[in-house]
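Working notes, beginning with the structure itself.
The values are calculated or read from the model by the stated rules, or taken from the named source; none is laboratory data. Fair warning: this is a prediction, and the values are worked out from it, not measured in the lab. A quick note on method: Cβ atoms are made from the backbone with ideal geometry, for glycine too, and the neighbour counts reach across all protein chains shown.
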Amino acid sequence: MESLQDTAAQLRCPGGVQAGETARKMNEIHGTLNRKCIEHMQIAPGDRILETGPGNGAFAGEIVAAQENVAYVGIDWSPDMVRQAQALHAGLIERGRVEFLLGDSQALPFEAQCFDKALTVHTIYFWDDPARHLAEMHRVLKPGGRLCLAFADRTFTEKMPFARFGFQLYRVQDATALLESAGFIVEDVQQIVEASRDETGAVIDKLLNIIIATIASAQPATNGAAAGASRCKAD
Ligand SMILES: C[S@@+](CC[C@H](N)C(=O)[O-])C[C@H]1O[C@@H](n2cnc3c(N)ncnc32)[C@H](O)[C@@H]1O
């Protein structure tokens, strides 16, 4: 049986023989939250979208299908997840609609103002310096850009025994304060409650937070940057 440390390590950076099974379970358990984020991003035709920590990118196809001419880049620090994502989406990659890169979200390999929208789901727990990750998101989003940050609330995660191993836990107000310090405007907070189980097997509420944060428009936001425009290509 997988130890609590192993579970925590797989969620932080899925890899090795367990990587496939970890991704399968994450995609199953995290589907509702990811789909809510896609909805709240308000994807527009021509949007260029960044996802940090997408795992094997299971929802990238739904993102690019949301509107016409949408381009998606996913960046994850797990080589196994990037390989799986590239295999899963070979057709969309071939057509230039999606791209998966290996990298750390605290140092994004893009020039400033490359993306219209960004999302990151169940990743904040692993950020040693959350201000750096959010500063990077802020830097690469365009004026008028929109970020969807989604995570399980501290009231739930603190009941998960594996979260004792390297997880940073947050409530909405903690994450909101971090976003505002990074220069974002918190526009909306949505919450979902799912049924889950604690370590005794008892059914408990899993409170999930979706924070929608925007960047002030210096001028009317321009949509429709060409997918893969060279200044926005990864280094
Ligand atoms: C718990 S999984 C969530 C995956 C997916 N977003 C979902 O909702 O199912 C966390 C993912 O974030 C990635 N990750 C964690 N920290 C990261 C970082 N600093 N930079 C890039 N990826 C990171 C992990 O490799 C993993 O794929």
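Observations on the structure shown:
- Output for segment 41-61, where each listed residue is closer than 24 Å to E187 by Cα and surrounded by fewer than 20 Cβ atoms within 10 Å (Cβ to Cβ): Q42, A44, P45, G46
- Hey, I63 under 23 Å from Q106 (Cβ atoms), in contact with a Lys or Arg (Cβ under 6 Å, 6 or more places away or on another chain) and within 14 Å of the ligand (Cβ to nearest atom) or not: no
- K25 in a helix (DSSP H, G or I), farther than 23 Å from R164 by Cα and under 19 Å from the mean Cα position of the chain (by Cα): no
- Scoring F115 on the criteria (1) in contact with a helix residue (DSSP H, G or I) (Cβ under 8 Å, 6 or more places away or on another chain); (2) farther than 17 Å from G183 by Cα leaves a single failure, condition (2).
- For P45, the test of being touching a residue at least 40 places away in the same chain (Cβ under 8 Å), outside any helix (DSSP H, G or I) and near the ligand (Cβ under 8 Å from one of its atoms) is failed.
- Of all the criteria given as (1) touching an Asp or Glu at 6+ places or on another chain (Cβ under 7 Å); (2) surrounded by 20 or more Cβ atoms within 10 Å (Cβ to Cβ), the one not satisfied by G15 is (2).
- Residue match in segment 110-117 (condition: near the ligand (Cβ under 9 Å from one of its atoms) and touching a Cys at 6+ places or on another chain (Cβ under 8 Å)): no
- Of all residues in segment 163-180, at least one satisfies being within 20 Å of Q10 (Cβ to Cβ) and surrounded by 19 or more Cβ atoms within 10 Å (Cβ to Cβ).
- Segment 20-34 residues that are closer than 15 Å to R83 by Cβ and more than 9 Å from the ligand (Cβ to nearest atom), paired with ones that are modelled with pLDDT under 95 and of a type in the set (F, W, Y) (beta carbon under 8 Å, 6 or more apart): none
- Residue within segment 135-151 that is in contact (Cβ under 8 Å) with a residue 40 or more places away in the chain and at positive phi present: yes
- Pairs with Cβ under 6 Å, 6+ apart, first in segment 100-123 and more than 25 Å from Q191 (Cα to Cα), second part of a loop (DSSP other than H, G, I, E, B) and acidic (D, E): P109/D235
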